[in-house]
Structures are given as structure tokens and as C-alpha cells.
Amino acid sequence: MENINVRERIAGCVADFLNIMSKRLPDDVYDRLCEMKEAETLPSACSVYDCMFENIREAVRLDRPICQDTGLIQFFVKAGAKFPYLSEISGALEQAVRIATKKTPLRPNAVLPFDEKNTGDNIAPGSPWIEWEIVPDSDSLTLEIYMAGGGCSLPGKAVVLMPSAGYEGVCDVVLEAVCDRGINACPPLVIGVGIGTCADSAGVLSKKALLRKIGSRNPHPKAAELEKIIKDAVNSIGIGPNALKGKESVLDVNVEFGAHHPATLAVGVSFGCWATRRGVLEINRELNCEILSHKKTLEL
Amino acid sequence: MSCENTENKKVLTTPFREEDIRSLRAGDVIYISGTMVTARDDGHKRLVKNGVFPEIDLEGLALYHAGPIVCKNDAGGYDMVSCGPTTSMRMEKFQAEFIERSGVRLIVGKGGMGEKTAEACRKYGAAHGVFPGGCAVVAAKCVEEITGVEWEDLGMPEALWKFRVKEFGPIIVNIDTHGGNMIADNKKIFEERKAEQKKVLSEKLKDFH
């Protein structure tokens, strides 16, 4: 296949998926919200859940983005080293964002620093944001996509602690972020926590944690335990939907880690709102696309 | 407060009278009909810091912290696609002066606002209410017509969009003119519980590693 056609094919497929992602939640987020709505007993919180579910239904019925803030698009690319069209990927992703901005439509959210101008098409240096990972023996392409909205990005943080702060220090960073700006970020929240050496690695790991499925646990038993400890602590604060109080405040807490230097303990925390719009799309070497994150909600 | 409950709705119409706003209490659920105007970070900065006023007289109207998605229609105007509220706290720096200079009576957004805004609400007879965050399609359905736009040079999210709404809500009154500031009060409770949880965590993590 000619490279120009390859690029258009990938771009079309990704633009279609961005359209779906902006209008339907991923299955795991939807299922967890159903569970939380069911468990809620406070009348004012129940009413907020009613409104959220009416919004989910109406977004599908009227074919409109669930939330007006369709975010700055972030692609976490897992590219098989044997995928035949590696050089076409970044151009195709940019093209996909351009198409979806016009067709879906996505809100133009890319503002150029210093000029302070909105580019109007979501294309700018760093928009879309692309992170690369090469998968040695694979010949396919997996895209994990996140629509980074303003409200849920505002509470994000990365700090480097002294190791003596320990895991208590890690939890402190999360709780402070939740109670400071997190309460305004459309709770119930998804919380991703990254632990590593530097502010940058902890930050990236926290976003990878946010991309992990709701209900999945870190394979390391201690990390999984920490996920539960933080989740219980945040739920005990009783923030509830829209910070109007309620039984549960988090969809889930996921922890990802990398080695930390003996002299540092870096913590990153990333947040997703109740309408966390993330998705997973797989494209094989024949350029057939499969949506992995939205199966049930495509039937809504 | 259910979105689908159309009975016994308390509906206020613009231009709001001062006594109507002063009769509201934090926690009340209201719906509004009439004119809403959007302004976010840049709009507040332009009015307060640069002293530039829009053509529309904001006196008695509803200010909406929102950056909608709109699309051009065949008639040359705009249609509302999706317009949920944005985080109100970002506007805290300029809000009090915005209220004083523009005369808006109701501010709608999401999340809480600070003491400076609350003081301006008491002084000038204004209120702040929250619309459920992320419920952008429910909000857009209450918009009858986009009647105009100003400051388009700021880009779609930051421009000042003017629209006519019918029974826009539910809006939960957050800051009233009597000292009520619901989310700020909630935040104090959350802070207390956070302090308790830190003690619990300290105990749980004692032998963690």
C-alpha cells in the first residue's frame, strides 16, 4: 500500500474512534458508575448520578460529546517493532485529531504559550501529545488515548520526596491533591499514582496508572495493597459526586512504579473525572482496527 | 433535584431582581430562563484587568463559567452542541470585581468559590450556583438559541457566548447573600476527615515496608 493511503487509512480509523470516545464512556468506567449509583443513598448525590446518566444517554441519542471539554488529545503509542508503517504513525495521529476536531466536533483546546492564541484546530507543538513505546516482537499498533480535560488536569502533581517520607508521604501527596483541587474536578474521580525517581518519570507513571482498567490491580501485592489503602482513605472523606458529599468518591486508584533512586522518592498523581474519556484501539499490520475499550457502551 | 422532575421547579427569569437573588439559600435547587453569557479566565481578565466591557449589558443577567462547543449553522449563526460548566475557582481572582462592575446577579459554574466572591455576593446581591459537572448535553438541551458572540479573538472556549435558555438547570445554589457557602463548608468537613484519615494511614502503614 502506498504510504499516503496508509496514513489516510490510519487517520480515518483513529478519527472515528476519537468521535466514539468523546460521546461514549469506556465499558469499565460505565460499569463502575452504575455500581456507584446503585450504592449511593444520599438523595442529593443520587440526583447528581441521575443527571450524569441522563447526560450519558442524551449524548448517545443526540450524537454529541458527553462533556464540552474534549481535552487535549494524548496518544500513548505501543508500536510493534515489526509494524510495517512506523514512519506514518505521527502524521496519521495529527491528521486524525484535525479530522475529529472538525467532524465530531471536538473543542479546540490547543493554546500556544507566549502567543496565548488558540490554534483553532487542536494542532500545535505538543498537541496532540504523543508518547512512544516500542514493543519488540509485535507487528501491530496499540493506541491508548486520553482526552486530557482542564478540570481533571488541574489537580495533577509531581513532587520529589525524601525517602524518609515513605509511603505515608506518598499518601499525603494524593490526599492533599484530592482535597485541594480534586474536589472541583468533577468527582467521583479516577486516581493514577506514579512512584519513581524524578518528577518527570513519576508524572508519566501516574498517567499510565490512570490509563489502566478500573478494577485491575497492580501485580505487586504491596502496590495493590496501597491502591486499596488510598481508595479507602479517599472514600472515607465522603466527597461524593460534584463534591456535594456522598458515599463513594473514587472510581478506582491505580498505582504504577519504577525504581527510585536511594536518595529520592518521587510521586506523581493524575486525575480523571467521572466522565473519564480514554480508549484503546488496536491496528494490525493489515490496518484493520479493533476497539478494545468500548464494546458494551457501543450498544447503548 | 432530579433532572427529569419537572414538577415544582423553582424557575427564575432574567433580568433577575435583587430581592429574588437575596431570597435564595445555599442548597436551593433552581432553574433559570432568559439570557446567559459565558466568560472564563480570559473574559474575566479582559473585563477586570483591562477594563474592556462587552457590548451586551450584563446587569441582572446570569454569567456562566463555561467554554462550549458550538458549530456554525446554515443560517450563518451558531448552534449549541455541548456546554457543561467549567471550574469556577479559576475565576476567583477576578470574580468579585467582575460582579461589582458588570452587575451580574447569578454566576453558574462547577465546584466552589472563595471568600472574596462570597463577600461580593453579599454586598452586591449576587449568588453562585453549580450545575452538575460534565453534564454538558443536558445543559445544551436547555439552550434555545445562541443570540450572539463577542470576543471571538479569544478562541471558542474563551469567547463570550450569549444565549437564551429555558429552565436551565438543575442549579444548586452554592453561595447565597446570607453567608452560606456550601462547597466551602463541605471543604472544611473534608479537611477534617482528611486529617483523621492521615492518622488512620499512619497506623496502617507503620509496618508497610
Can you name the residue in segment A:131-157 that is under 30 Å from A:ASP180 (Cβ atoms) and assigned to a strand (DSSP E or B) and, of all such residues, is farthest from the other protein chains (Cβ to nearest Cβ)?
A:GLU131
Selection status of B:CYS142, buried (at least 18 other Cβ atoms within 10 Å of the Cβ), within 25 Å of A:ALA59 (Cα to Cα), at pLDDT 95 or above and within 10 Å of chain A (Cβ to nearest Cβ):
no
Test: A:ARG217 is more than 11 Å from every other protein chain (Cβ to nearest Cβ) and charged (D, E, K, R):
yes
Quickly run through segment A:100-123 and pick out the residues that are surrounded by 19 or more Cβ atoms within 10 Å (Cβ to Cβ) and on the phi < 0 side of the Ramachandran plot.
A:ALA100, A:THR101, A:THR104, A:PRO105, A:LEU106, A:ARG107, A:PRO108, A:ASN109, A:ALA110, A:ASN118
Would you be able to say whether some residue in segment A:49-59 is crowded, with 19+ Cβ neighbours inside 10 Å, within 18 Å of A:VAL280 (Cα to Cα) and of a type in the set (Phe, Trp, Tyr)?
no
Just checking, does segment A:236-244 include any residue being surrounded by 22 or more Cβ atoms within 10 Å (Cβ to Cβ), within 12 Å of chain B (Cβ to nearest Cβ) and either under 24 Å from A:SER164 (Cα atoms) or free of Cβ contacts under 8 Å to residues at least 12 places away in the same chain (or both)?
no
Do we have B:ARG105 as basic (Lys, Arg) and surrounded by 24 or more Cβ atoms within 10 Å (Cβ to Cβ) here?
yes
Can you pull out the residues in segment B:169-197 that are facing chain A (nearest Cβ under 8 Å), touching a residue at least 40 places away in the same chain (Cβ under 8 Å) and farther than 24 Å from B:ALA139 by Cα?
B:ASN186, B:LYS187
Assess whether A:PHE76 counts as being surrounded by fewer than 20 Cβ atoms within 10 Å (Cβ to Cβ) and aromatic (Phe, Trp, Tyr).
no
Within segment A:67-93, can you find the residues that are within 20 Å of the chain's Cα centre (by Cα), touching a residue at least 60 places away in the same chain (Cβ under 8 Å), within 26 Å of A:THR119 (Cβ to Cβ) and not in a loop (DSSP other than H, G, I, E, B)?
A:LEU72, A:ILE73, A:GLN74, A:PHE75, A:PHE76, A:VAL77, A:LEU93
Within the group A:VAL97, A:VAL29, which residue is among the aliphatic types (A, V, I, L, M), away from chain B (no Cβ under 14 Å) and in a helix (DSSP H, G or I)?
A:VAL97
Considering only segment B:9-25, I want to know if a residue exists there that is surrounded by 14 or more Cβ atoms within 10 Å (Cβ to Cβ), touching a Pro at 6+ places or on another chain (Cβ under 9 Å) and closer than 25 Å to B:MET182 by Cα.
no
How many residues are basic (Lys, Arg), within 11 Å of another protein chain (Cβ to nearest Cβ) and assigned to a helix (DSSP H, G or I) if we restrict to segment B:64-94?
1
Whether any residue in segment B:46-63 is touching a strand residue (DSSP E or B) at 6+ places or on another chain (Cβ under 6 Å) and within 14 Å of another protein chain (Cβ to nearest Cβ) is what I want to check.
no
Suppose we keep only residues that are under 18 Å from B:GLU59 (Cα atoms) and without any contact (Cβ under 8 Å) to a residue 40 or more places away in the chain within segment B:108-124. Which one would you say is surrounded by the fewest Cβ atoms within 10 Å (Cβ to Cβ)?
B:LYS123
Residues located in segment A:158-173, provided they are part of a helix (DSSP H, G or I) and more than 10 Å from chain B (Cβ to nearest Cβ):
A:PRO163, A:SER164, A:ALA165, A:VAL173
Can you confirm whether A:ASP139 is assigned by TED's automatic domain parsing to the domain that holds A:ALA223 and surrounded by fewer than 21 Cβ atoms within 10 Å (Cβ to Cβ)?
no
Looking for whichever is among the acidic types (Asp, Glu), touching a helix residue (DSSP H, G or I) at 6+ places or on another chain (Cβ under 9 Å) and buried (at least 20 other Cβ atoms within 10 Å of the Cβ) here; the options are A:GLU256, A:GLU168. Which one fits?
A:GLU256
For segment A:100-130, the count of residues that are assigned to a helix (DSSP H, G or I) and aliphatic (A, V, I, L, M) equals 1
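The values are calculated or read from the model by the stated rules, or taken from the named source; none is laboratory data. Note that this is a predicted model, so its numbers are computed, not measured. Methodologically, a virtual Cβ is constructed for each residue, glycine included, from the backbone with ideal geometry; neighbour enumeration extends over all protein chains shown.
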